[in-house]
Amino acid sequence: MPQGYLLLTLHAHLPFVRHPESEDYLEEQWLFEAITETYFPLLQVFDRLQKENIPYPLTLSLSPPLLSMLNDPLLQQRYVKYLDLRLKLLEKEKIRTRGTVFAEVSAMYRHKLTEIRRLFVEVYQGNLIQAFKKHSHQLNLITCAATHGFLPFLSQNPACVKAQIGLAVDCHQRLLGEKPQGIWIPECAYYTGLEEILAQFGLKYFFLETHGLLFARPRPAFGIYAPAFCPNKVAVFGRDPESSRQVWSSAEGYPGDYDYREFYRDLGFDLDYDYIKPYIHKSGIRTNTGLKYHRITGSGEYKEVYNPNKARHKAYLHARNFLFNRTKQAEYVGQFMSRTPLIVCPYDAELFGHWWYEGPQWLEFVCREIWQTNLELITPRQYLQRYPENQILQPCPSSWGENGYYQVWLEGNNHWIYRHLHQAGQQMTNLAAYYPQATGIIKRALNQAARELLLAQSSDWAFILHTRTMTDYALRRTKTHLDNFFRLVREMEHPDEINLRILENQNNIFPEIDYRYYQ
Amino acid sequence: MIWFILALALLLILLLLFYHELQKQQIQKKLDLPPSHLPPLSDWETAAELEPELPPNYQQNYLELLVQGPTCLYAYWETESREEIPVLRLVRLEDQRFWQKEINRQQRDLFWPELQPNQSYRLELGYLNSAGEFNHFLVSRAVHTPPNTVSPITDPSWPLIPDLYPQDPPLSNPGSLERPFR
């Protein structure tokens, strides 16, 4: 019997940023950067572990927008172009960096990107979903809400929450071949009663921020070191704050180590403008290329060249340190418990590789080294099989955003969207009632209206408006999807076939959508 | 005979290699193809580029109340009422205590801070008549502010282990990194 169980969960999600109308959208590159820096490196870690028969029972949520984009032929084609442009730059870099301190790191990127291109084109034939599916005997693949809607703010219209959950389950089943057992609720945003809808779609567990479980009623006997059941027996797992801080915190976490790659020094901004111009945005504005030659070095401007071997060794040390700390934690809490404590460590997947370049290596070392400890990796399903009896309680409404509740998604910069989202949600349920069995073009228009509504509901837009990063884009996406929705509703009796076809092509998420989810 | 078998095997290997190369080229071709035929650009797309404006109102009467956190609610509304000085009344359902705010006719939403955690509230929009009595014309649904401390309620069949409770449980993602891509 191990001294503690470790439940490592990665939440992989990107908003739906497919733009067939133009190749100039910077946001589409979010997907390409994430494929290159996060999803491929993670898959390569899983491949190596599988080859060496090392267990990696990790939990990975693949959000429906991400799955839909990974499955999209247009984005697959564009990704190859994205890679080719960088490989071209790296050929030029081979000459420029020859005999300099940057030659090694430049060669590292050339080697990695060449391999990624080979795998993407020849092995996976453009579709990474199969690559994840291949690991489903070890990886516990779960879903997320259909477009990452912030569920507490959709809950006044339960049909909107049902559509978010039902379509997510459908999408998961269609693309990954089986129904998910669990769900990552977007932003860990929970409201009382959500569990009823999760159960309707066969979902057996979800995750909460620490106090979502800790402030539950009655108090959880084991704190966050064991899951609990909602009154309807859907299980809930609470995040461990200590392990989060070590991996996540920019101030005291591992990713800030001076030997790790510096995210903010990119060739797109570092090199002479005329030299780099063919490889940045077509408009001429400097953009990230994903090629970064420096290590964090220190808090100042001065940066030294990145040393991959040194960084890798640091990832190894940090993995050992993480396991040491978790062992001590399990030893301490275990003495008070009548069962083996569970430590739940959920992270955004894109943290690994994109922000924290060495994150996938760290994860690999955790899987490789854990046998030397008294800890064991476990999935929620495995834990619930070992401990089928759990306390029944009512979780506390909460989220994993700043201040722990809903403030990030409802404040001075984004509050205005809810009036329109709620109005659109109400109109959608009215239409679904009015057209109980639509056929032909009206059915298509109703389905497209549902797609536009779902895309407008993405929590990413409110989050971006809060952080004021890509505000123009978030504003445009929210308003455009809502405007598309209201136009479709106005024309519902006589839909315009050409305009409808354009929208179906442009916002093509969930090809098998059924508007009757809103009934 | 042995030479014949060897030659045959060599030929087979060459054929397999050729087939593999052909397949590779086909996959490459598939991924290099231009995007599937899309309909031409239309006014709709141009409109999307220009960032459409959303309806300023929906010509309906509604009052919606949302929970922001343990001590703050957010409300938005639309009304056709012509009252000079509309009044918002927030009612705490546990004890029916209420608070009132006069608002101007143009106002369409507000944050209501400094409330109590773990309480139920309902908002009413109305006016004060000449006798100073409140008459509502819109009532929101009831909402409940979440608790911000551990519950005093315990479950006798699951005895509490105080050592498992942090003294000061964090209520957020402390000093978190920037969110990737978002």
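Would you check if there is a residue in the range B:83-102 being of a type in the set (S, T, N, Q), at pLDDT 90 or above and surrounded by 11 or more Cβ atoms within 10 Å (Cβ to Cβ)?
For the range B:83-102, residues of a type in the set (S, T, N, Q), at pLDDT 90 or above and surrounded by 11 or more Cβ atoms within 10 Å (Cβ to Cβ): present.
List the pairs whose first member sits in the range B:152-181 and is under 19 Å from residue A:248 (Cα atoms), whose second member is at pLDDT 65 or above and of a type in the set (Val, Ile, Thr), and whose Cβ atoms are under 7 Å apart, counting only residues at least 6 apart or on separate chains?
Short answer, once both residue conditions are applied: B:169/A:210; B:170/A:210.
Table: residues versus (1) out of contact with any helix residue (DSSP H, G or I) (no Cβ under 8 Å at 6 or more places or on another chain); (2) polar (S, T, N, Q); (3) part of a loop (DSSP other than H, G, I, E, B).
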position: A:222; (1), (2), (3): no, no, yes
position: A:233; (1), (2), (3): no, no, yes
position: A:236; (1), (2), (3): no, no, no
position: A:246; (1), (2), (3): no, yes, no
position: A:251; (1), (2), (3): yes, no, yes
position: A:259; (1), (2), (3): no, no, yes
position: A:265; (1), (2), (3): yes, no, yes
position: A:269; (1), (2), (3): yes, no, no
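Is at least one residue of the range A:206-220 out of contact with any Leu (no Cβ under 8 Å at 6 or more places or on another chain), of a type in the set (Phe, Trp, Tyr) and within 14 Å of another protein chain (Cβ to nearest Cβ)?
yes
Select, from A:380, A:360, the only residue that is more than 10 Å from chain B (Cβ to nearest Cβ), farther than 20 Å from residue A:324 by Cβ, within 18 Å of the chain's Cα centre (by Cα) and modelled with pLDDT of 95 or more.
Residue meeting the stated conditions: A:360.
Which residue is farthest from residue A:241 (Cα to Cα), if the candidates are limited to the range A:402-419 and must be at the interface with another protein chain (Cβ under 7 Å from one of its Cβ atoms) and over 23 Å from the mean Cα position of the chain (by Cα)?
The extreme case among them is A:419.
Please verify whether the range A:54-62 includes one or more residues that are in contact with a Phe, Trp or Tyr (Cβ under 6 Å, 6 or more places away or on another chain) and closer than 30 Å to residue A:508 by Cβ.
Checked the range A:54-62: at least one residue is in contact with a Phe, Trp or Tyr (Cβ under 6 Å, 6 or more places away or on another chain) and closer than 30 Å to residue A:508 by Cβ.
So which residues in the range A:345-369 are touching a Gly at 6+ places or on another chain (Cβ under 6 Å) and not in a helix (DSSP H, G or I), if there are any at all?
Those that are touching a Gly at 6+ places or on another chain (Cβ under 6 Å) and not in a helix (DSSP H, G or I): A:352, A:353.
Going through the range A:423-432 one residue at a time, which ones are in contact with a helix residue (DSSP H, G or I) (Cβ under 8 Å, 6 or more places away or on another chain) and either of a type in the set (A, V, I, L, M) or within 13 Å of another protein chain (Cβ to nearest Cβ) (or both)?
Once the filter is applied, which keeps residues that are in contact with a helix residue (DSSP H, G or I) (Cβ under 8 Å, 6 or more places away or on another chain) and either of a type in the set (A, V, I, L, M) or within 13 Å of another protein chain (Cβ to nearest Cβ) (or both), the range A:423-432 yields A:424, A:425, A:427, A:428, A:431, A:432.
Report, by residue number, each residue of the range B:111-170 that is of a type in the set (A, V, I, L, M, F, W, C) and facing another protein chain (nearest Cβ under 10 Å).
Hits for the range B:111-170 are B:111, B:143, B:150, B:153, B:158, B:160, B:161, B:164.
Going by the structure shown, is residue A:218 of a type outside the set (Phe, Trp, Tyr), crowded, with 18+ Cβ neighbours inside 10 Å and under 24 Å from residue B:118 (Cβ atoms)?
yes
Check A:375, A:342 and return the single one that is away from every other protein chain (no Cβ under 14 Å) and at pLDDT 95 or above.
So the residue among A:375, A:342 that is away from every other protein chain (no Cβ under 14 Å) and at pLDDT 95 or above is A:375.
Tell me whether the range A:439-454 contains one or more residues that are without any contact (Cβ under 8 Å) to a residue 24 or more places away in the chain and not in a helix (DSSP H, G or I).
yes
Within the range A:114-124, track down each residue that is of a type outside the set (A, V, I, L, M) and either buried (at least 17 other Cβ atoms within 10 Å of the Cβ) or touching a residue at least 60 places away in the same chain (Cβ under 8 Å) (or both).
Within the range A:114-124, A:117, A:120, A:124 meet the criteria.
Looking only at strands (runs of 3 or more DSSP E) that lie completely in the range B:82-164, which have at least 2 residues being charged (D, E, K, R)?
The strands (runs of 3 or more DSSP E) meeting that bar are B:87-92, B:97-102, B:120-128.
Just checking, how many residues over the range A:31-85 are in a helix (DSSP H, G or I), more than 14 Å from every other protein chain (Cβ to nearest Cβ) and touching a Pro at 6+ places or on another chain (Cβ under 8 Å)?
3
Taking the condition of being within 19 Å of the chain's Cα centre (by Cα) and among the β-branched types (Val, Ile, Thr), how many residues in the range A:228-260 meet it?
Selection size over the range A:228-260: 1.
Residues A:400, A:409: which one is within 27 Å of residue A:230 (Cα to Cα), aromatic (Phe, Trp, Tyr) and in contact with a Lys or Arg (Cβ under 8 Å, 6 or more places away or on another chain)?
Answer to the check: A:400.
Here are A:498, A:502: which of them is at the interface with chain B (Cβ under 8 Å from one of its Cβ atoms), free of Cβ contacts under 8 Å to residues at least 40 places away in the same chain, among the hydrophobic types (A, V, I, L, M, F, W, C) and within 24 Å of residue A:28 (Cβ to Cβ)?
Of the residues listed, the single one that is at the interface with chain B (Cβ under 8 Å from one of its Cβ atoms), free of Cβ contacts under 8 Å to residues at least 40 places away in the same chain, among the hydrophobic types (A, V, I, L, M, F, W, C) and within 24 Å of residue A:28 (Cβ to Cβ) is A:502.
The values are calculated or read from the model by the stated rules, or taken from the named source; none is laboratory data. Values in this document were obtained by computation on a predicted structure and should not be read as measured data. Ideal geometry is used to build each Cβ from the backbone, glycine not excepted, and the neighbour counts take in all protein chains shown.
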